[in-house]
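Only one structure is covered here, and it is reproduced in the block below.
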Amino acid sequence: MAFNVFSAFTGTLTTHYAYLATLTSWAVGHGIAPEAADRYVRGLFQGVGRALSDETRSLHQLAADHETPKGNNERIRTTWFDPANSQALDKALDDLLADLKQL
């Protein structure tokens, strides 16, 4: 069971890269040079990767530590990654897990 759950996690990697590419494309659409947008997004999320190495804080705590009340991060999290979006991700993972169990 754990193997299939972890396999489902790996199914999210390209979604993460596509998310980063979408951020870059959005910046380019707002006049930022493609190279500058790419460099900034990569640097920003490399920092996120380093923060993940701090295992003294839960993932929920890391998120909270990076938010200012009513700030930019809270706004995007609560307006884009809302309960419906979270449920859609749960469903996609559940569907993938069901398929993996049949293999």
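The values are calculated or read from the model by the stated rules, or taken from the named source; none is laboratory data. All values derive from a computational prediction rather than experimental measurement. For neighbour counting, all protein chains shown are included, and Cβ atoms are generated from backbone atoms with ideal geometry for every residue, glycine included.
Points to keep in mind about this one:
- Checking each residue of region 24-42 against the condition of being surrounded by fewer than 13 Cβ atoms within 10 Å (Cβ to Cβ) and either of a type in the set (Phe, Trp, Tyr) or at pLDDT below 95 (or both) gives at least one match.
- Residue within region 68-76 that is in contact with a His (Cβ under 7 Å, 6 or more places away or on another chain) and farther than 30 Å from residue 100 by Cβ present: yes
- Close pairs from region 49-77: first over 21 Å from residue 23 (Cα atoms), partner among the polar types (S, T, N, Q), Cβ under 8 Å, at least 6 apart: none
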